[in-house]
Amino acid sequence: MPPKVNLEKCDGCKAEQEPLCEQICPGDLMTLNPETKKAYCRSLRDCWDCMSCVKSCPQGAIETRLPYQIGYYQAKLIPLMGTNRITWTCIDLNGKVERFSFKTRND
Amino acid sequence: MEKTQIGLYLCRCHGEIGQTIDLDRLAKAMGNKKGVSVCRIHPAWCSEAGLAVLREDVEEGRVNRVVLAACSPREKEIIFRQAAESAGLNPCLIERCNLREQCAWPHREEPEAAYRKAVNLINMSLARARQAEPLDPLVFPARKAVLVVGAGIAGLSAALDLAAAGVEVTVVEKEAFAGGKVARFYRYFPRFCPPGCGLEYLMAEIRKNPRITIYTLTEVVGLDGGPGNFQVMLRQRPRFVRTEACTACGKCAEVCPAERPQAGPLPVTKKAIYIPEGFAYPLAYALDKEVCRGENCGLCAEACPAHAIDLKAKEREFSLEAGAILWCTGWQPYDAGRLELFGYGRYANVITSLEFEHLALQCGSASGRLLRPADGSPVRRIAFIQCAGSRDVNHLPYCSQVCCTVTLKQVQYVRKLAPEAESYVFYMDLRSTGEYEEMYRRVQEEGMAIFIRGNPAAVEEDPASGCLTILAEDTLAGEPVRLENIDLVVLAIGMRPEPGPESFIENLATWEFPSGHVQCFPFETQRRGLYVAGCAQGPMDVAGTVRSAAGAAMKAMSVISGNFTLPPAVPVVDKNKCDKCKRCMEECPFGAWSWDETQYPAPDLRKCRQCGICEGGCPLGVISLRNFTIKQLTGMIEALDMEFLGRGEPTVVAFLCINDAYPAADLAGRQGLSFPPNILTIPVPCAGAVNMSVVVEALTAGADGVLVGGCPSDQCHYRKGSDLAETRLNNVRETLERMLVEPERVRLVRLQADDRHLFVMEAKRFVAALRALGPSPLKP
């Protein structure tokens with residue numbers, strides 16, 4: 001399910017031409033609303049749920065909903081990026097929480 | 001690259017550290033860590049004997065990096081730096097580990113915990129030292145020249161001070177004559193000397209001084225470069241009179257047919273070609289193009305015996321280089337036209353305090369009698385209204401400091417020029433600060449004025465006689481006052497900054513006057529090397545202005561005397577990873593960032609204050625201050641044992657601002673206040689320098705909580721560092737909450753440098769809260 005932008009937290013990367021989510025989206029789906037200067041996904045059904053935008057957002061303003069085959073709307077998958085580590089929190093529709101932490105960089 | 005050989009030096013500090021922490025055990029445990037080639041214990045490394053050992057280790061090639069586990073990095077820095085330099089080691093390769101203030105002293109009662117904390121602190125320092133780079137200070141050649149903008153009393157006295165110190169000074173003045181507002185005053189307080197006298201003295205010195213050049217009718221139109229070598233673009237409007245030829249004989253003005261229209265309540269009889277009556281520098285006429293009838297008239301040029309008039313003169317632009325700039329553009333009176341209830345602009349006999357100066361100057365020099373501007377009849381009753389448009393949220397919210405004393409001075413003009421006249425002063429509070437209280441007393445004792453406490457509600461005019469009536473409430477007597485037959489009302493209006501600097505200096509202050517941090521950097525602006533002085537800095541009297549000018553001149557000297565040197569901890573961008581999001585440019589409080597020739601963001605190192613707000617804000621973490629890199633911070637976090645006090649005891653990583661929060665923690669240790677040993681501190685240049693990925697890294701590496709210590713909102717030396725940190729941390733907290741991790745694990749505390757008790761309280765409370773929460777769910 002496509003990304004949802006929290007309009008209160010999104011600052012449109014200060015109304016830059018290409019906010020980070022737009023730069024990183026492999027399908028070129030994220031873009032700025034020219035009026036509100038906030039990001040949105042312009043073609044919801046083309047999103048692959050890769051969550052690159054969620055990881056890249058400096059404000060933590062983007063959330064993706066899981067596809068219904070995996071979990072209904074209470075279910076969540078949230079990444080948290082450290083400098084050398086990413087931690088995923090997976091919350092299923094019964095509220096069961098699992099976390100996975102991986103090293104992302106070895107330099 | 002040569003092999004890393006870290007010398008680990010443990011200091012007993014004459015028992016201050018050694019009594020609490022078992023250093024022999026520590027040396028055994030840490031001596032064989034990766035990269036450590038030498039591990040020694042000494043009673044005091046800062047002593048001559050200690051330094052000798054240290055120097056020998058470096059000179060013999062046993063050690064090429066030093067970790068000093070001793071006192072706070074804020075202490076004895078020079079001693080170790082000099083020792084390292086004399087032995088040939090770059091001082092940036094000394095890493096200080098704070099075992100005294102933040103380990104031995106506060107944890108005296110718990111030696112075992114202190115020992116374990118010491119292990120962790122040293123591990124962090126070793127991690128940091130492994131990645132430390134040798135760096136040299138940045139040196140910029142500086143031009144020993146200063147541009148002074150504004151030839152008022154501030155600019156002129158600063159110019160003289162600077163020239164006396166051997167600096168080439170260029171003064172530019174927007175008007176045709178130097179002297180500024182002060183030149184048009186009748187007298188200045190407290191000695192009641194004519195301002196012409198002070199200005200004449202300054203000018204006489206300046207005329208003698210070949211190092212000072214004054215350009216009139218000149219404005220700054222462009223500014224580039226930085227401290228040491230600014231390139232300034234200047235535009236000079238034509239004077240139409242060659243100053244070197246003009247003898248100020250006045251024959252041009254005699255024939256000039258163009259008269260200046262009356263602008264204010266005071267009559268002006270000036271022709272288009274004019275020179276001030278009193279103080280005039282340069283002593284040469286100037287032609288006002290707005291009023292002049294143009295080349296076709298040409299009467300003045302014909303009349304001039306010296307052939308000094310050139311009606312074809314053109315505006316010219318030129319540039320010059322300066323090492324520093326003093327902004328002395330002064331003030332403007334508040335627009336009295338907005339004070340409708342006092343009738344300014346409608347009634348000819350309502351004037352501002354500045355206009356009263358001109359009136360007194362005219363009357364004083366002409367007839368010696370005080371005459372009404374409207375009809376020239378003598379003034380018998382005069383009323384002064386204080387705080388006209390000041391201390392009022394609808395007008396100027398602040399007090400301009402000088403208006404009360406100005407009125408006390410002007411009341412004395414009345415006594416001198418119209419001894420029979422009665423003066424009334426309406427005031428809210430009379431603020432005659434410092435020695436000016438003496439003037440207040442004198443005015444009261446000699447009965448020069450009747451003081452009525454109350455802000456008038458209205459001023460009305462009798463159209464026939466031109467006399468004014470003031471309606472007010474005497475708030476001391478509690479009764480309405482109606483004062484009739486007033487000949488002249490003087491509004492004591494406040495001061496505003498002269499507009500103009502906005503395009504060159506963004507205002508750092510909390511009000512319209514562009515001054516820096518009011519106590520720490522009062523002369524500084526957003527641009528390093530550009531200093532404000534005089535009333536450009538804030539409302540002040542003449543004495544204050546001269547003081548301010550001397551201070552700003554000293555600031556300029558610090559930039560231009562010799563080479564301009566900066567510490568080497570500048571930000572560096574990893575261009576391979578930067579994706580040009582421009583957040584660094586947006587968030588930098590000093591506007592230091594711009595695109596370089598390869599279209600990547602690059603800081604102007606001379607503007608940069610090395611606060612690290614760019615490092616903290618970079619979403620990709622690709623900006624790092626040198627020797628305070630994100631990689632080093634990550635390495636420090638990875639080196640931590642996150643369960644060093646045993647299971648169930650929380651571990652807190654604390655990033656403390658070196659300006660305020662870190663000294664507060666040091667002070668707590670120094671005064672023997674004990675705080676929980678769970679807190680492992682990392683000094684940071686500003687709370688805003690903490691990148692959120694580092695905070696997350698600490699949490700996911702197993703820390704139970706992260707504490708960021710910054711300054712109170714309005715005290716941040718870098719304007720908004722702690723506020724930015726708060727916004728960023730709130731975003732992290734929100735994400736944590738969604739992940740079902742308690743957001744309380746991340747916390748910002750705002751501390752002042754002496755808030756040791758607050759620090760201890762916050763630390764205890766935070767650790768207790770974490771203990772109650774249990775281990776972090778993010779712990780690996």
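The values are calculated or read from the model by the stated rules, or taken from the named source; none is laboratory data. Note that the structure is a prediction, hence the values are computed from the model and not measured. A quick note on method: Cβ atoms are made from the backbone with ideal geometry, for glycine too, and the neighbour counts reach across all protein chains shown. Protein only, heavy atoms only, side chains kept; ligands, DNA and RNA dropped before computing areas. Shrake-Rupley method; radii C 1.70, N 1.55, O 1.52, S 1.80 Å.
Of B:Cys614, B:Cys578, which residue is in a loop (DSSP other than H, G, I, E, B) and within 14 Å of chain A (Cβ to nearest Cβ)?
Numbers: B:Cys614 fails: in a loop (DSSP other than H, G, I, E, B).
Of the residues listed, the single one that is in a loop (DSSP other than H, G, I, E, B) and within 14 Å of chain A (Cβ to nearest Cβ) is B:Cys578.
Cβ-Cβ below 9 Å, separation at least six or inter-chain, first residue in region B:365-380 and under 17 Å from B:Tyr424 (Cα atoms), second in a strand (DSSP E or B) and open to solvent by 60 Å² or more (accessible area, probe 1.4 Å): which pairs?
Within 9 Å, the pairs are B:Arg380/B:Glu422; B:Arg380/B:Asn485.
So, in region B:728-748, how many residues would count as being within 9 Å of chain A (Cβ to nearest Cβ), outside any helix (DSSP H, G or I) and either on the phi > 0 side of the Ramachandran plot or open to solvent by 60 Å² or more (accessible area, probe 1.4 Å) (or both)?
The qualifying residues number 1.
Within region B:125-161, track down each residue that is assigned to a loop (DSSP other than H, G, I, E, B) and either touching a helix residue (DSSP H, G or I) at 6+ places or on another chain (Cβ under 9 Å) or of a type in the set (D, E, K, R) (or both).
Within region B:125-161, B:Gln131, B:Ala132, B:Glu133, B:Pro134, B:Leu135, B:Asp136, B:Ala142, B:Arg143, B:Lys144, B:Gly150, B:Ala151, B:Gly152 meet the criteria.
What are the residues in region B:688-705 that are of a type in the set (Val, Ile, Thr) and surrounded by fewer than 24 Cβ atoms within 10 Å (Cβ to Cβ), if any? Can you show your working first?
Taking region B:688-705 and keeping what is of a type in the set (Val, Ile, Thr), we get B:690, B:694-696, B:700.
If the condition is that a residue be of a type in the set (Val, Ile, Thr) and surrounded by fewer than 24 Cβ atoms within 10 Å (Cβ to Cβ), then B:Val696 is the only one that fits.
Considering each residue of region B:13-60, count those that are assigned to a strand (DSSP E or B) and within 21 Å of B:Gln131 (Cβ to Cβ), and give that number. Break it down stepwise before answering.
Here is the first cut: in region B:13-60, the ones assigned to a strand (DSSP E or B) are B:36-42.
Next, only the ones that are within 21 Å of B:Gln131 (Cβ to Cβ) stay: B:36-39.
Of the residues in that region, 4 qualify.
For the structure I just gave you, tell me whether B:Thr598 is among the polar types (S, T, N, Q), touching a residue at least 12 places away in the same chain (Cβ under 8 Å) and not in a loop (DSSP other than H, G, I, E, B).
no
Can you tell me which of B:Ala763, B:Ala769, B:Ala725, B:Ala753 is open to solvent by less than 60 Å² (accessible area, probe 1.4 Å), closer than 16 Å to B:Ala668 by Cα and either within 14 Å of chain A (Cβ to nearest Cβ) or part of a helix (DSSP H, G or I) (or both)?
From the options B:Ala763, B:Ala769, B:Ala725, B:Ala753, the qualifying one is B:Ala763.
Only one of B:Gly562, B:Gly612, B:Gly621 is touching a residue at least 40 places away in the same chain (Cβ under 8 Å) and surrounded by fewer than 18 Cβ atoms within 10 Å (Cβ to Cβ). Can you tell me which?
B:Gly562
Check B:Pro663, B:Pro650, B:Pro685 and return the single one that is open to solvent by 20 Å² or more (accessible area, probe 1.4 Å), within 25 Å of B:Glu726 (Cα to Cα) and either aromatic (Phe, Trp, Tyr) or touching a residue at least 24 places away in the same chain (Cβ under 8 Å) (or both).
Step by step, each of B:Pro663, B:Pro650, B:Pro685 is checked, and only B:Pro685 is open to solvent by 20 Å² or more (accessible area, probe 1.4 Å), within 25 Å of B:Glu726 (Cα to Cα) and either aromatic (Phe, Trp, Tyr) or touching a residue at least 24 places away in the same chain (Cβ under 8 Å) (or both).
Out of the residues in region B:438-468 that are open to solvent by 80 Å² or more (accessible area, probe 1.4 Å) and free of Cβ contacts under 8 Å to residues at least 24 places away in the same chain, state the one that is nearest to B:Val350 (Cα to Cα).
Out of the qualifying residues, it is B:Pro463.
Which residues, taken from region A:11-31, are within 11 Å of another protein chain (Cβ to nearest Cβ) and part of a loop (DSSP other than H, G, I, E, B)?
A:Asp11, A:Glu16, A:Gln17, A:Glu18, A:Pro19
For residues that are β-branched (Val, Ile, Thr) and buried (at least 20 other Cβ atoms within 10 Å of the Cβ), scanning just region A:51-107, find the one that is farthest from A:Cys25 (Cα to Cα).
The selected residue is A:Ile91.
Say whether the condition of being surrounded by 24 or more Cβ atoms within 10 Å (Cβ to Cβ), among the polar types (S, T, N, Q) and closer than 25 Å to B:Gly179 by Cα is met by at least one residue in region B:392-400.
Within region B:392-400, one or more residues are surrounded by 24 or more Cβ atoms within 10 Å (Cβ to Cβ), among the polar types (S, T, N, Q) and closer than 25 Å to B:Gly179 by Cα.
Among the residues of region B:217-240, how many are open to solvent by less than 10 Å² (accessible area, probe 1.4 Å) and assigned to a strand (DSSP E or B)?
5
Yes or no: B:Leu417 surrounded by 20 or more Cβ atoms within 10 Å (Cβ to Cβ), over 26 Å from B:Cys363 (Cβ atoms) and aliphatic (A, V, I, L, M)?
Judged against the criteria, B:Leu417 is not a match.
Would you point out the residue of region A:35-58, among those that are part of a helix (DSSP H, G or I) and either assigned by TED's automatic domain parsing to the domain that holds A:Pro79 or of a type in the set (Lys, Arg) (or both), that is modelled with the highest pLDDT?
At the first step, the residues of region A:35-58 found to be part of a helix (DSSP H, G or I) are A:44-46, A:52-56.
Next cut, either assigned by TED's automatic domain parsing to the domain that holds A:Pro79 or of a type in the set (Lys, Arg) (or both) only: A:45, A:55.
Details: A:Arg45: 86, A:Lys55: 89.
Going through the qualifying residues, I end up with A:Lys55.
Residue check: is B:Leu483 under 38 Å from the mean Cα position of the chain (by Cα) and open to solvent by less than 80 Å² (accessible area, probe 1.4 Å)?
For B:Leu483, the condition - under 38 Å from the mean Cα position of the chain (by Cα) and open to solvent by less than 80 Å² (accessible area, probe 1.4 Å) - is not met.
How do the strands (runs of 3 or more DSSP E) wholly within region B:314-399 filter down when requiring 3 or more residues that are touching a Ser or Thr at 6+ places or on another chain (Cβ under 8 Å): which remain? Lay out the reasoning, then the answer.
Working: elements: B:316-322, B:324-327, B:331-333, B:350-352, B:381-388.
Correct list: B:381-388.
For region B:625-645: of the residues being more than 14 Å from chain A (Cβ to nearest Cβ) and within 21 Å of B:Cys686 (Cβ to Cβ), which is most open to solvent (accessible area, probe 1.4 Å)?
Checked region B:625-645; the qualifying residue most open to solvent (accessible area, probe 1.4 Å) is B:Arg626.
Taking into account only those residues within region A:57-72 that are in contact with a strand residue (DSSP E or B) (Cβ under 7 Å, 6 or more places away or on another chain) and within 13 Å of chain B (Cβ to nearest Cβ), which is farthest from B:Arg728 (Cα to Cα)?
A:Arg65
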